[in-house]
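Please read the structure below before turning to the comments.
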Amino acid sequence: MDRLMNAYLIAHSPLILGFALLLVIGALHPGGRDFYSHAIAVVAVAGTAALSAFQLFPGDTFYGGAIQVTAFSKALTYVGLGLALIALVLSEDYLEKVHIRGPEWRMVVLAQCFGFTHASMAGDLATLFIAFELISIPSYVLAGFNHRDVRANEAGMKYLLLGVLSSALFLFGMAFLYGATGTLNLVSIRGQLELHTSLGGAAGPDIALAKAALVLILVSLLFKTAAAPFHSWLSDVYQGTNLASLAVIGGAAKSASFGLLALMLWGPLGPLAETWMPLLWAVALVSAVLGNFQAIAQTQIKRLLAYSGVVNAGFILIAITERSPFLLAFYLASYGLATLGALAGMMALGTRGADVDTLDDLAGLGRRQPLSAAFFTVILLSYAGIPLTAGFAAKFGVVLGAFRPDSGFSQLGYAATVASVCLSLVSFFFYFKIVRSLWMPTGGVEAPEMKREIRLNYLFVLIFTAVAIVGLGVIMRLPGAS
Amino acid sequence: MVLTSDLLPLLALLPLAWSVFHFFGPRDEATAGTMALAVSLLFGALAVYLGTTAMGVAEGLTWTGPTLALGLGGFDVPLRLYLDGRNAPFILLLGLAVPFVLALARPAPGSLSGKSRSFFGCAAALTAGLAGVFISDTLLLFYLCWEASLLAVYFWIGIHGKPAPRTGEVYGVLMRFVLLTLAGSLPMLLGLGAVMAFRQGDPGISGLAAAVGGMSPTAQGWVFFAFLLGFAVKLPFLGLHGWLRDTYAVAPAACRALLSAAMSKMGAYGLILVLAPAFPDQIERYAAALQLWCVAAVLYGALICLAQERLVDLLAYSSLSHLGLLALGVFAGVRSGDAATTGLTGAVFQAFNHGLIMALLFVLDARALKGGESPALGTLTGLRASHRRLAALLLTGIFASASLPGFSNFVGEILVYFAAFQASPWLVLLAGAGALIGAAALVRAFHGLFFGKPGSPAAAVSFAPDLARWEAAAALALILLWVALGLYPMPFLGPVEKSLLMLNPRGWTG
């Protein structure tokens, strides 16, 4: 018991210490570029990831079951913290460019990292909600962080309003779940529901309440992860958010949210699979249609990434219905890496004064910055699902899982899978609009010849994510997983 | 000791390395062009050597590579390549067509405006992808090379394409091509995934028939249509051919020639060697509809030819017509009893012939006018006076494409007719009529462009110089090959037929 208590604290101490230090530095630092807060944040996140590798093992429980470590939770911890780490490295110089105070921004990210680790390690409803809020509230703050920009204010406000709705629904659903089962502990909830369903009990009021809870929680998390038709807010938020915050929100936070959804659906709500699987398939189908077709008209790259997020959300939901933790972790890793790579590409191809915003801003850059453009193209190939990239491997993994003889997919499930894959030709169209701008003569005006600074950290992240994506695409599994 | 089969991966790896070399290599157009030609000749030699060797060996050549652990599916995927009498014709086609096209349809000096790296890089990448498609025995590798070829063409046309009359801008045409191809290959991916998921492994092209055989008839039906769709868009089949004319019109000349010669053969390869062995039941069930579809393509292509003015459009539709005939050979061949391998052997031979003929015709078409423009009926006449070699070779090529006896095309076509006759004499009548009309349209166009008084009644057209002696000699060598195979085809057809018979896994001979 003693070792366990210490293990948990030890594993998370870098994050806690880092947060405290940044709080102090933030109060004292006059502003401008500072290396210390960057170093502290990176060490904190990396330290937590490393320590949790050595201190936390599947099967550990803490605080009477409030925290429960499983193999899946460890995988998701690494994914979430890894993506956050890459986002931190990426943001180093960018924050100064958009006039964001470094220590405070990084402090918020560290708080969110705490949520990433707990999203998959939660053992009861209270911890789950804390993790949920730890992921959400920092996201709102990050979205609107550069408050001098009116679009960031708008993005932050929209995200906040929607997030509050989502939290309220989640809380409501949790209350119903508690009412139906009488316990907060996730394992016990599952046990209770199994008992009721095994007694043939679609009749009991408890199950009806549990199903209502399921729907509320599902809707809440679908809002959070921006699956269609709950996705209308995403493009506006993405458009207004600065690229560094977007790296955290769109990469790490999104992965953690999906992890949370999977945890809920595979864990306590597992016995209700017959109810939530068709719901997820329907949502996946709608996401494939709406996400793809609404992206066609976009000319702003951040909005394009938002709709691509909707499309990928559809695939991830199908992966969740396949109940393969391995596939889900792989998909989240590949999607997160691709998002970070795309943002790194946008940063690398931007200028000191302005970000890359529309397709026109990229025109002709393939010739002037071939290295950045080439790696950015690799990232886009992954998004489009071209073989030899992680994006293809992930989507193919979803297809393989769906068509397995024992997958339990209904006609709706097959329809969702087929629609998602076939509609990726529309995805190809809009991702390759970016490729076209970079490499092909568009007949328009080329992006203005400005002095472009090649920042090493943007390039490093871009190349790292591109190489990781191709590597994952070739070996077709997460390293270290069987 | 290096076995010949160890050289198999080189067929794909050599063009891949060549492509990488170009993307990072010399910017200078002349150097790049010379390197491209040299490596393509090397590739051609390798392909011809391996192809002829494979045809000589009874079981063919196989190569097994490292195993991929497809963790996501939970199973292992061994990388395998194969080359025997079935797919050797495709490799031989590639080995002959690529150097020929790069030599004769090379871009005019100075026309690439500093983008020569992408031009030759894409050509090399396309070659690598095509070689991979034709020799890979692993389904996953097959799909990878399929998509890689598409990407290579996307960049090639996207960067180097030029708008043509009545096509609109290049990117729109390109997207139509790419999206329509994806509309076929994504269902094919689903079909592949379904088979692999069912079998919990990658059966490979050689094991596909057995794997599919274990699936339920409904599942088989869906997978059949998925594969059919993928190959139908590539060939293309009638109705899925909307991209054909405009894509050929905007593509650079070398790209256009390779598209018609080699890329459409991906569809043919799929039909003959992937679809037919694995789904004979479905082909038999839908035989009538499929065969009529092919005959409709032959007739439609031929009739539309009559309405075309530009030689390149004419050739595009003539290509559609001939490929319809090829597909007819496949669908008439399966489960047709004695004539089983006749139709399929004929289809394989037609793939080889059609590819080379189209390579020659498209290349010659691009050599008439400056800038690779295609001559159009009504804008000029009497080209023969200034382009004697071009005229002679083009006319011979047109006669070969019209299946004049003595040319190899005749042998292939007659085999297809034999198989179709077993199904129904009406098919032969209609298909034959279509082929006749197509040939007539081509001859009429030739007459209109090359005979008569030299001159251009419309706006002045600038001519390109006639073919050089070595270029004419290369084309003549190709023509002599057709004559040789036309008079004595058995050295070619024998190994093909033997391999197809050995393949007979689910009784496609009925």
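Things to note:
- Of all the listed residues (A:Phe145, A:Phe114), the sole one being of a type in the set (Phe, Trp, Tyr), assigned to a loop (DSSP other than H, G, I, E, B) and within 18 Å of A:Leu23 (Cα to Cα) is A:Phe145.
- B:Ala88 meets the stated requirement of being buried (at least 16 other Cβ atoms within 10 Å of the Cβ), more than 14 Å from chain A (Cβ to nearest Cβ), touching a Gly at 6+ places or on another chain (Cβ under 9 Å) and on the phi < 0 side of the Ramachandran plot.
- Apart from one condition, B:Val274 fits all of (1) in contact with a Gly (Cβ under 7 Å, 6 or more places away or on another chain); (2) farther than 13 Å from B:Ala316 by Cα; (3) hydrophobic (A, V, I, L, M, F, W, C); the exception is (1).
- Selection status of B:Leu126, within 10 Å of chain A (Cβ to nearest Cβ), assigned to a helix (DSSP H, G or I) and hydrophobic (A, V, I, L, M, F, W, C): no
- Check on B:Ile159, under 27 Å from A:Leu381 (Cα atoms) and at the interface with chain A (Cβ under 10 Å from one of its Cβ atoms): yes
- In the set B:Ala36, B:Ala54, only one residue is among the small types (Gly, Ala, Ser), open to solvent by less than 20 Å² (accessible area, probe 1.4 Å) and over 21 Å from B:Tyr82 (Cβ atoms); that residue is B:Ala36.
- Each residue in region A:382-427 was checked for being within 8 Å of chain B (Cβ to nearest Cβ) and of a type in the set (D, E, K, R), and 1 of them qualify.
- For region B:446-455, the condition of being within 22 Å of the chain's Cα centre (by Cα), within 22 Å of B:Gly486 (Cβ to Cβ) and open to solvent by less than 10 Å² (accessible area, probe 1.4 Å) holds for none of the residues.
- Within region B:391-437, no residue satisfies the criterion of being touching a Ser or Thr at 6+ places or on another chain (Cβ under 6 Å) and not in a helix (DSSP H, G or I).
- Contact map, region A:263-285: first residue within 28 Å of A:Gln68 (Cα to Cα) and in contact (Cβ under 8 Å) with a residue 24 or more places away in the chain, second residue of a type in the set (S, T, N, Q) and surrounded by fewer than 24 Cβ atoms within 10 Å (Cβ to Cβ), Cβ cut-off under 6 Å, separation 6 or more or different chains; pairs are A:Pro271/A:Thr197.
- Selection status of B:Arg86, at pLDDT below 95, under 20 Å from the mean Cα position of the chain (by Cα) and farther than 30 Å from A:Val398 by Cα: yes
- Checked against (1) under 29 Å from B:Ile91 (Cβ atoms); (2) open to solvent by less than 20 Å² (accessible area, probe 1.4 Å); (3) more than 14 Å from chain A (Cβ to nearest Cβ), B:Asp246 passes all but a single condition, namely (1).
- Per the conditions (1) within 14 Å of chain A (Cβ to nearest Cβ); (2) more than 19 Å from the chain's Cα centre (by Cα); (3) part of a helix (DSSP H, G or I), the sole criterion not satisfied by B:Pro78 is (3).
- Applying the criterion of at least 3 residues that are closer than 21 Å to B:Ile414 by Cα to the helices (runs of 4 or more DSSP H) found wholly in region B:246-341 leaves B:264-269, B:287-306, B:311-333.
- Beta carbons closer than 7 Å, at least 6 apart along the sequence or on distinct chains, pair a first residue in region A:410-429 that is surrounded by 17 or more Cβ atoms within 10 Å (Cβ to Cβ) with a second that is not in a helix (DSSP H, G or I) for A:Ser424/A:Gly385; A:Val426/A:Ile296; A:Phe429/A:Ile296.
- B:Leu102 vs. criteria touching a Pro at 6+ places or on another chain (Cβ under 7 Å) and open to solvent by less than 40 Å² (accessible area, probe 1.4 Å): no
- With respect to being in contact with a strand residue (DSSP E or B) (Cβ under 9 Å, 6 or more places away or on another chain) and crowded, with 21+ Cβ neighbours inside 10 Å, B:Ser401 fits the description.
- Test: B:Ala164 is more than 11 Å from chain A (Cβ to nearest Cβ), open to solvent by 20 Å² or more (accessible area, probe 1.4 Å), outside any helix (DSSP H, G or I) and touching a residue at least 24 places away in the same chain (Cβ under 8 Å): no
- Residues within region B:293-349 that are open to solvent by 10 Å² or more (accessible area, probe 1.4 Å) and either free of Cβ contacts under 8 Å to residues at least 12 places away in the same chain or closer than 18 Å to B:Met266 by Cβ (or both), tallied: 2
Conditions (1) assigned to a helix (DSSP H, G or I); (2) under 24 Å from A:Leu425 (Cβ atoms); (3) of a type in the set (Ser, Thr, Tyr), marked per residue:
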position	(1), (2), (3)
A:Ala253	yes, no, no
A:Trp276	yes, no, no
A:Leu279	yes, no, no
A:Leu285	yes, yes, no
A:Leu290	yes, yes, no
A:Ile318	yes, yes, no
A:Arg323	no, no, no
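- Residue in region B:215-236 that is nearest to B:Gln350 (Cα to Cα), counting only those that are open to solvent by 10 Å² or more (accessible area, probe 1.4 Å) and not in a helix (DSSP H, G or I): B:Met215
- Any hit, region A:221-230, residues being surrounded by fewer than 22 Cβ atoms within 10 Å (Cβ to Cβ) and either in contact with a strand residue (DSSP E or B) (Cβ under 8 Å, 6 or more places away or on another chain) or small (Gly, Ala, Ser) (or both): no
- Any hit, region A:455-470, residues being open to solvent by less than 10 Å² (accessible area, probe 1.4 Å), part of a loop (DSSP other than H, G, I, E, B) and more than 9 Å from chain B (Cβ to nearest Cβ): no
- Search result, residues across region A:364-381 that are in contact with a Gly (Cβ under 8 Å, 6 or more places away or on another chain) and away from chain B (no Cβ under 13 Å): A:Ser372, A:Phe375, A:Phe376, A:Ile379
- Between B:Gly201, B:Gly214, B:Gly193, the distinction of being within 9 Å of chain A (Cβ to nearest Cβ) and of a type outside the set (A, V, I, L, M, F, W, C) belongs to B:Gly193 only.
The values are calculated or read from the model by the stated rules, or taken from the named source; none is laboratory data. Model, not experiment: these values are computed from the prediction. For neighbour counting, all protein chains shown are included, and Cβ atoms are generated from backbone atoms with ideal geometry for every residue, glycine included. Please note that ligands, DNA and RNA were not included when accessible areas were found on the heavy atoms of the full protein model with its side chains. Shrake-Rupley method; radii C 1.70, N 1.55, O 1.52, S 1.80 Å.
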